[in-house]
Structure formats: C-alpha cells, structure tokens
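Comments concern the structure below.
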Amino acid sequence: MKFLFVFYLSGGGIDPLNRYRCQALKMYGHEGHCLYYSPSPALHNNTDHEVFVTNSDEEIRGILNTNGYDFIVVTTDHTAFPRFRCLGYTGKLILEVQGYGAKNAARSALSGASACVAAYASGLLNPCTPHISALYEEFFSQIPKFYFNNPFDAEHFTYKELPKQSSPIIAWIGRAEDNKNWREFLVICHYLLQHKPNLQFWIYEDPTFTLESERKNFLETMDQLGLTPHITLRHNVPHVQMMEHYSMIGDSGGLLISTSKEEGAPYSVLEAMSCRCPVLSSEKDGVINMITYGQTGKLYPLGQVTVAVNEALDLMNNQMVRDYIIQTAQKHVVANFSLHAYAEHLTSMAREVG
C-alpha cells in the first residue's frame, strides 16, 4: 500500500508524526510520502521517505499521477479533497484532525467542513482526542471513524546521559499565541522563582509563524515579571537534538510544563517522558492517553496557577514521587505508542475503507 500524508507545512508535531508513520509503514512493507504546501525549518530534519513541498496544482498533479497513492491522509485541510479529485486522484481520501486549538474553533471548523467531508472522505482519523471524537460522531455519523494513538520511536528517541546542569531547568515548548497559554506559563515561572531563586527557564519556540505583536507582548511580559535574566530562548532546535535537551532538563531536577488550553496529541509530552523528563500539564483531553495524574505525570486545572506551582514543586522536591513518575511514564510510552502498533492500526484502517 502507498500513502500520501498532506499538511500545510512541516511544523510542530506534524514533522515527527509524519516521519514516524512513514517509518512504521516501511517496517511493514508499505510506503509513505509527505506533501507540504509551504517550507518550514523542520524540513531540515533527516528523513528516509519522499517529501514534496509545493502548492502548485500542476506539480501536485504530477506527484499524484507519478506515485499512484492508494490513500491520501489530509490533516485539517478538507478543501484538498475536491482539489485532488479535480487533479485526477481517484483513490481513498482520509481526513485527519490532530487538533484545532480551542474547542469552539474545532466545532466551527468541522461544522463548516461537514458537506465537503461527507462528499469526499472515506474515513476519519484522530489520535483518541475526546472532543474531536465527539465532533466526529456529531457531524459525520455515516463515515467510518478510526481512533488510535500517534506513533513514537521510543527506541531511538530516548534518554541520553549528559553532564548535569548546575540548577533545575523548567522547560516550555510552543509559540507565542493564545492557545499555547504562554502568559500562564510565565506567571507560574514568576512564582516558582520565589521558592527556588536559582531556577533556569528554557523556552523552545518557533518565532517564524508567530504574530509580531504577540511575540512583543511575550517578551515584554517576561521583562515585567523579572524573568528575562533567568530565561533562555531556543529557536528551531533540530528534532534529533531535543532528546539531549529533555534528558538534561530531567537530570537537572527540573521538568517540562505544558500550559496549552487545548491540544490534539502533543509530541512534546511523549518525547519528555521517553527521555526521563517529568511533565506537568494543564488538564486538557489531548493528553488523556499520555498523563495519568501521579503515575505518568502531573496535571493542574487550567488557570489555577497556585496549584500548578505546588505540583511543580512537588515534582522537584519529592524524590520518591519524581522517580516513580519518571519510571512509569517511560514504560507507558514504550507500551502504548509503538511504531508497530501504529502500522497495524493504519493498515487495518486502510483495508477497512479500501
């Protein structure tokens, strides 16, 4: 079987997702390619599968005609369905949603897409995100639906022992946008410093796709809260290097904090867990298959900064709790997000809709 995975650009979690699933398909004798409409820094990450970057109808027509894909999995962009049909594609079309941000945005997007999706989609795919699954059931009752965890290569993306940092590191990954909830993260950092003045904060961001006004507010808020001397901004770190960063963060006695209002299935959480870096996340249904409170990570109610601060301090100060969560989380990733399981699920889906 031959698959084409389509998205606007190779950024955020889409880059590792598509690389992992093409790798998983290859293990089972199938082939996966990727099509992105626009370039992004993530394209510099190594890959052993075909990657196309174009938004030209004629170039896409050539790609479709040359490769003869059995299935095209389109993430988010339902308007690609009639476009690809007009370009001559006759195979099966699958809509995938990895997340739209806020729940009201997801409802609005899927409601607006309902007629197009009903006309063209042979199946719907989602990595077990409850609010997306509920919207699928509401808007697309007649279309086959498939829910399974995204793939992750815990064998190769895993803990690396490196020189230990002199003070604990608190990490955050995202863009300066409302849904990533950067303001809440900075406020949490402000209060954590009152308990641990030697903390470091490593912020991983991609300013390429951030509104200039939002990023200006982000930097100004850092300064207003007295955080600037404690923060290191890291831009577009190559994915393969991130396992070293997560490992250093975990070994420093620190943690990853995810403050997003909504997420689909954030890879940063899995990556941190695999590298023995504990995670504190806001409660959102996109992490429900990743974090079980007190077992594979910590959770706090969105907006409850005091709770978040206390949970972060517990992860740093209570060594017994910390060690248990680190060990349980790493085992959880290996057991429930394997490439083999994903390949089996994806090919089973293909057989069912084919």
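Quick notes
- Residue within region 151-160 that is under 24 Å from Glu352 (Cβ atoms) and either in contact with a Cys (Cβ under 8 Å, 6 or more places away or on another chain) or touching a residue at least 12 places away in the same chain (Cβ under 8 Å) (or both) present: yes
- Single residue of region 273-291 satisfying the filter (without any contact (Cβ under 8 Å) to a residue 40 or more places away in the chain and either outside any loop (DSSP other than H, G, I, E, B) or touching a helix residue (DSSP H, G or I) at 6+ places or on another chain (Cβ under 8 Å) (or both)) that is farthest from Val97 (Cα to Cα): Leu280
- Residue within region 140-158 that is modelled with pLDDT of 95 or more, touching a strand residue (DSSP E or B) at 6+ places or on another chain (Cβ under 7 Å), closer than 29 Å to Tyr246 by Cβ and open to solvent by 40 Å² or more (accessible area, probe 1.4 Å) present: yes
The values are calculated or read from the model by the stated rules, or taken from the named source; none is laboratory data. Since the model is a prediction, treat every value here as computed from it, not as a measurement. Cβ sites come from the backbone with ideal geometry, for glycine too, and all protein chains shown count toward neighbours. Surface accessibility is based on the protein's heavy atoms, side chains included, excluding ligands, DNA and RNA. Shrake-Rupley method; radii C 1.70, N 1.55, O 1.52, S 1.80 Å.
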